[in-house]
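Have a look at the structure below before the remarks.
The values are calculated or read from the model by the stated rules, or taken from the named source; none is laboratory data. Since this is a predicted model, take the numbers as computed values, not measurements. Note: ideal-geometry Cβ built from the backbone for every residue, glycine included; neighbour counts use all protein chains shown.
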Amino acid sequence: MINLVLFGPPGAGKGTQSEKLIQKYGFVHISTGDLFRWHTKNDTPLGKRVKEIMNSGALVPDEITIAMLKEELDKNPQAKGFLFDGFPRTVPQAEALDKFMQANNTAIHYVIALEVTEEEVRNRIAKRRTIENRVDDEEEKLNKRITEYFTKTIHVLPYYKNQRRLNTVHGIGDIGEIFNNIATIIDKK
Ligand code: ADP
């Protein structure tokens, strides 16, 4: 079993690379953003709780996010490996993830951070806004998401770096080439 965290700011290309990684390696994909969007779209009790927070661009509280993640893990006991996309976004989430992995006698084997400049991220999201119509891609909300990334989520990087689990990949350029760079890291170990 191999488990991977794909890390990066909003618009870094995590969704695009995730699709390719799933195809090649057969990971079970866990995107907390997709899960929250599913809950809000289907107006579940969890969706009702997080709708306003999400639409503002703020992070959902750890307690709620971690509980949802745990539920997803429990739904997939046969998984060959997990690809975490958009999780962990805070140090407590990273610690919780390690505990869940340990409890199943496994670990997070790779953390791959996509490095993309803030300017590039803003351009990409402006484009995506016209295609996907995501409410949280509006300018003010996007600013909030980018602030959340640079004030909270960024601290997850030293957490993994100190444990020598961090790999960085340049996230600007040809999608296939970026994918090959990620695959090289996975195949090397
Ligand atoms: P992005 O394009 O910003 O990477 P996502 O689709 O991953 O967006 O997440 C959308 C929103 O869902 C976030 O702005 C946040 O409100 C919520 N969210 C997703 N994952 C998490 C998480 N791990 N912790 C807290 N909130 C989260």
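Of all residues in segment 158-184, those satisfying the criterion of being surrounded by 15 or more Cβ atoms within 10 Å (Cβ to Cβ) and in a helix (DSSP H, G or I) are Tyr159, Tyr160, Ile178, Phe179, Asn181, Ile182, Ala183. Put simply, of Ile64, Ile30 the only residue that is in contact with a Leu (Cβ under 9 Å, 6 or more places away or on another chain), aliphatic (A, V, I, L, M) and more than 9 Å from the ligand (Cβ to nearest atom) is Ile30. The residues of segment 25-75 that are over 20 Å from Lys152 (Cα atoms) and surrounded by fewer than 13 Cβ atoms within 10 Å (Cβ to Cβ), listed by number, are Gly26, Lys41, Asn42, Asp43, Thr44, Pro45, Lys48, Glu71, Asp74, Lys75.
On the basis of being of a type in the set (Gly, Ala, Ser), surrounded by fewer than 17 Cβ atoms within 10 Å (Cβ to Cβ) and assigned to a loop (DSSP other than H, G, I, E, B), does Ala107 make the cut? Taking the combined requirement at face value, the residue satisfies it.
Listed here are the residues, each with its yes/no results for (1) away from the ligand (no atom under 13 Å from the Cβ); (2) within 18 Å of Tyr159 (Cα to Cα).
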| position | (1), (2) |
| --- | --- |
| Ala96 | no, yes |
| Met101 | yes, yes |
| Asn105 | yes, no |
| His109 | yes, yes |
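Would you confirm whether any residue within segment 35-56 is within 25 Å of Lys161 (Cα to Cα), in contact with a Pro (Cβ under 9 Å, 6 or more places away or on another chain), within 12 Å of the ligand (Cβ to nearest atom) and modelled with pLDDT of 95 or more? Among the residues of segment 35-56, not one is within 25 Å of Lys161 (Cα to Cα), in contact with a Pro (Cβ under 9 Å, 6 or more places away or on another chain), within 12 Å of the ligand (Cβ to nearest atom) and modelled with pLDDT of 95 or more, which makes the answer no.
For segment 76-88, filtered to residues that are surrounded by 13 or more Cβ atoms within 10 Å (Cβ to Cβ) and within 18 Å of Glu19 (Cβ to Cβ), the residue that is farthest from the chain's Cα centre (by Cα) is Ala79. Considering Ile131, Ile146, Ile125, Ile112, the condition of being closer than 19 Å to Lys14 by Cα, surrounded by fewer than 14 Cβ atoms within 10 Å (Cβ to Cβ) and of a type in the set (A, V, I, L, M) is satisfied by Ile131 alone. Looking at segment 10-103, the helices (runs of 4 or more DSSP H) lying wholly inside it that each contain 3 or more residues that are in contact with a Gly (Cβ under 7 Å, 6 or more places away or on another chain) sit at 32-41.
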